[in-house]
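Asker: Structure incoming, see below.
The values are calculated or read from the model by the stated rules, or taken from the named source; none is laboratory data. All values reported here derive from a predicted model rather than from experimental measurement. With ideal geometry, Cβ positions are generated from the backbone for all residues, glycine too; neighbour counts draw on all protein chains shown. Calculation scope for accessible area: heavy atoms of the full protein, side chains included, ligands and nucleic acids excluded. Shrake-Rupley method; radii C 1.70, N 1.55, O 1.52, S 1.80 Å.
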Amino acid sequence: MQIANLPLTQAKCPPQKTPGHRRVFFCLLLAMAGLLLGHAPSAYADYLQELKTQAAVRHLDQDPYWWQLLHYEKTWQGVHSTASTKTFFQSSKGADDPGAELTATLTGFFRDFRQSPDQSTQCLFIARYQWLKTQLHFDPVRLPESPCQEFHQWVAAINGHYATVIFASDYINNPSSMFGHTLLRLDTDAQNSAPLLAYTLNFAAQTQESNGLAFAIKGLTGGYPGMYSLLPYYEKVKEYNDLENRDLWEYRLDFNAEEIERMLAHIWEIRQVAFPYYFFKANCSWQLLKLLEVGRPSLNLAAQFPVYAIPADTVRVLTRSPGLVSRIDYRPANGTRLYLRVRRNEDQTNKVALSLTRNPDQAISLAPDTAARALETAYDQLYYLHNQGKTDPTTDKAQMLTLLHRRAKLEVPDQSETPPRPDIDPAHGHATAMIALRLAEYGQTRVSGLDWRPAYHDLMDPAGGYRRGSAIDFLHVSGSYRASDHQWHLDQLTLLDIQSLAPRNLFFPSLSWKLGLDAKDLPISHGIIQPTQSHVYERAYAAAGLTRSLDNADRLLCYGMMETQFVTGTTSGYPTAGLGPLMGVNWIQNAWTWAAEVKTLHYSRQWSEMTEWQMAANFHPDNENSWRIGLESYHGRGGTDHRLQFSWIRYF
Amino acid sequence: MKKLPFAVALLGGLLSGMASADSDTGCGLGTMIWAGQSGVIPKILAVTTNGTSGNQTFGITTGTLGCSPNGVVTSKAKLGMFTGSNLDRLAKEMSVGQGETLNTLADLMQIPATEKSHFFALSKTHYDQIFSSDNRSAGQVLGALQGVMRADSELAAYAG
């Protein structure tokens, strides 16, 4: 590695003819001049060697903080950094060798930066520099410090003194988005007086596609680079609240100025660095936890997610760390506001609003307050539909403007109401993994069963913190030991079950739907109900229909859909396909949830017609436990079979 | 890039020449109202990455490069960037005379707290002038707003 070559590096003594004592004096003078004007490369080399030795003696390359800054993770082969951008490392072996990287970084600090101080190693990797400086007590005379003006100006412009974790909740009618997303906002003041202008850090996959199977696969397997971006909060509020209709929850952390500065220094280092994005493990939320640990090393958060990191769970661990979260604020989405508005309006106002969306110039004869409400509702509705691409692009803008112009002429204050903050925020809902003990009776057989599910939420689980009517069941395994043959059986393996019961009204024309893939033990053999000869069938199913809310708080939902099912594993060896209607009701009453569903499917081949009833009641004394009783009845050729079960469910 | 027929290109040139005299479309001021955001249609599989499409630099996306080096908006660009990004919200909030975004706009224009309610009322009264057509850019809206403010004795000082 080339060490700085500064001019006037050699103090030269004058030639022979000068008298002795003056020669000595001159030597000293020149040597001092040499020191003042520049250092001998050998002095740099010495100090560098000294620092390298100190670092080795103190094993700084094995320090957890060094590993945090370089994003090293233990692998079965040793150690590897998750950063994939080559320029992140000073050593060619830096990605796998913390010691080599430390040495190369120290060497880099000595490079002459005077031509472009902001591009010096010290400034580009300022967090490393600051940490090594405190560890090794750099002598500014022997290791000149670069001013790093660009970095300090950037920090001053961000003006961030408080850190807030932002959680973006799910889209309406898209249960998979329930997993959520997290960002970090750097607030200027404690009271949060101008949050829209605060800068927000976001880690996301850089993709070219926005949908499709390639997108899903690449997202799951690290096929996309993930990178950080810094944007004013208003950009994110617009994206999440307005365009995507996702509620935002703001969790203020009690980080102090020093901790924030450490994070900022590291953000400066990684702002152009790519990390492969893995939807399950190394996603936005996991990266955010790692960043928080750079700010406060005593936090041990990311290690709690060795296999997968669900964003809502990462916020959960923050709230469980005593004193870490100092306040929680709620920022409802446009869709949420409109939903409340429609609910609170009188019917007449809603009627007028609807017809205004079709004909904005229509005359309205209402009192000014009511007229204002109708106009505001009509605008909100058009804007909502516009963002979903459901309006006519040639006329929607003119229509929206007409409504706003009419509204501006009314001397009436803003008629909108802020939706009340839900009692339970997403971080305080039930934990996403579940284990359950079951006692059941299948026909005449007693069984004891065990259930396990890593994620996420079903329609009987305590609904606080989750969207009403949305459910995802993932890798749910259900097994039981049966008294009939003293054997363990697989009752059900649900690979995936997604349900979206989205209450539909004139303003929210949502389609409810369901789809899934599972293997289930059914009391059917040769197409006939035969309780004693049950076995496992593989099923793929999908359903679509409508849901209506029967009360004003969406506690009581009723729904009807058409379901199609494809079943393999039949005794005949041939798969069978079924189609038919289903109807159901789901009612939340404080700590109780009641549900009933019936469906009749007409199958091909042997199975003919099969009717299935499901009824269940769930009581949750708190968000950690549920007691559930359920009955499944199968009616078909050959008779009826009932399966009654009682479970104790624990969320963890 | 597609090669337009000569006539169309000529017509395009004529029209753009005839457009508003305000040619400052940098740093967000060229954003149109209700422009939306591309690539943000929720689909089942799309949520696996919460991704951003295209090549995004550390700062804001295309069209505003140079206005926010390293992600931080330059003070000169702040008002334009904010207005450009929040045009939809500002249109809505000005029509009702209040709102968080409108309040933040007032802050950016350095309107003191005592003058804010006057600012909200004034922009609502002159709404037709400020949002005169659905084809307005943020620069035009901001220009019209500042014009309204200049004509008002109390707010003229903040019209920029």
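Asker: Could you please find all residues in segment A:615-625 being within 18 Å of residue A:316 (Cβ to Cβ) and not in a loop (DSSP other than H, G, I, E, B)?
Answerer: Of everything in segment A:615-625, just one residue is within 18 Å of residue A:316 (Cβ to Cβ) and not in a loop (DSSP other than H, G, I, E, B), namely A:625.
Asker: Would you mind finding the one in A:283, A:256 that is under 30 Å from residue A:130 (Cβ atoms) and open to solvent by less than 10 Å² (accessible area, probe 1.4 Å)?
Answerer: Only one candidate passes the filter, namely A:283.
Asker: A follow-up question, please. Which of the residues belonging to segment B:123-141 are surrounded by fewer than 20 Cβ atoms within 10 Å (Cβ to Cβ) and more than 10 Å from every other protein chain (Cβ to nearest Cβ)?
Answerer: Listed by number, the list holds a single entry, B:129.
Asker: Output the number of residues of segment A:364-395 satisfying the condition of being hydroxyl-bearing (Ser, Thr, Tyr), surrounded by 11 or more Cβ atoms within 10 Å (Cβ to Cβ) and more than 19 Å from residue A:505 (Cα to Cα).
Answerer: Of the residues in that region, 2 qualify.
Asker: Of (1) more than 14 Å from chain B (Cβ to nearest Cβ); (2) among the polar types (S, T, N, Q); (3) open to solvent by 30 Å² or more (accessible area, probe 1.4 Å); (4) not in a strand (DSSP E or B), residue A:448 satisfies all except one. Which?
Answerer: Result: residue A:448 passes all but (4).
Asker: Oh, and also: List every residue pair whose Cβ atoms sit under 7 Å apart, with the two residues 6 or more apart in sequence or on different chains, where the first one lies in segment A:380-405 and is within 8 Å of chain B (Cβ to nearest Cβ) and more than 18 Å from residue B:94 (Cβ to Cβ) and the second, anywhere, is outside any helix (DSSP H, G or I) and open to solvent by less than 20 Å² (accessible area, probe 1.4 Å).
Answerer: A:386/B:34
Asker: Does residue A:247 fit the bill of being acidic (Asp, Glu), open to solvent by 10 Å² or more (accessible area, probe 1.4 Å), more than 9 Å from chain B (Cβ to nearest Cβ) and in contact with a helix residue (DSSP H, G or I) (Cβ under 7 Å, 6 or more places away or on another chain)?
Answerer: yes
Asker: Related question: Go through (1) open to solvent by less than 40 Å² (accessible area, probe 1.4 Å); (2) part of a loop (DSSP other than H, G, I, E, B); (3) under 30 Å from residue A:503 (Cβ atoms) one by one and return the number of the condition residue A:95 breaks.
Answerer: (3)
Asker: What are the residues in segment A:242-257 that are out of contact with any Leu (no Cβ under 7 Å at 6 or more places or on another chain) and either of a type outside the set (A, V, I, L, M, F, W, C) or not in a loop (DSSP other than H, G, I, E, B) (or both), if any?
Answerer: A:242, A:243, A:244, A:245, A:246, A:247, A:248, A:249, A:250, A:252, A:256, A:257
Asker: If you don't mind, there's one more thing I want to ask. Quick one: would you say residue A:259 is charged (D, E, K, R), more than 7 Å from chain B (Cβ to nearest Cβ), more than 21 Å from residue A:329 (Cα to Cα) and in contact (Cβ under 8 Å) with a residue 60 or more places away in the chain?
Answerer: The answer is yes for residue A:259.
Asker: Could you figure out which of (1) among the aliphatic types (A, V, I, L, M); (2) open to solvent by less than 20 Å² (accessible area, probe 1.4 Å); (3) over 25 Å from residue A:161 (Cβ atoms) isn't true of residue A:303?
Answerer: Unmet for residue A:303, out of (1) among the aliphatic types (A, V, I, L, M); (2) open to solvent by less than 20 Å² (accessible area, probe 1.4 Å); (3) over 25 Å from residue A:161 (Cβ atoms): (2).
Asker: Which ones in segment A:344-363 are surrounded by 16 or more Cβ atoms within 10 Å (Cβ to Cβ) and of a type in the set (A, V, I, L, M)?
Answerer: A:352, A:353, A:354, A:356 - these are the residues of segment A:344-363 that are surrounded by 16 or more Cβ atoms within 10 Å (Cβ to Cβ) and of a type in the set (A, V, I, L, M).
Asker: With (1) surrounded by 15 or more Cβ atoms within 10 Å (Cβ to Cβ); (2) within 23 Å of residue A:413 (Cα to Cα) as the list, and residue B:154 as the residue in question, which single condition is left unmet?
Answerer: The failed condition is (1).
Asker: I'd like to check which strands (runs of 3 or more DSSP E) are fully inside segment A:127-230 and have at least 3 residues that are more than 10 Å from every other protein chain (Cβ to nearest Cβ).
Answerer: Strands (runs of 3 or more DSSP E) meeting the threshold: A:162-168, A:181-187.
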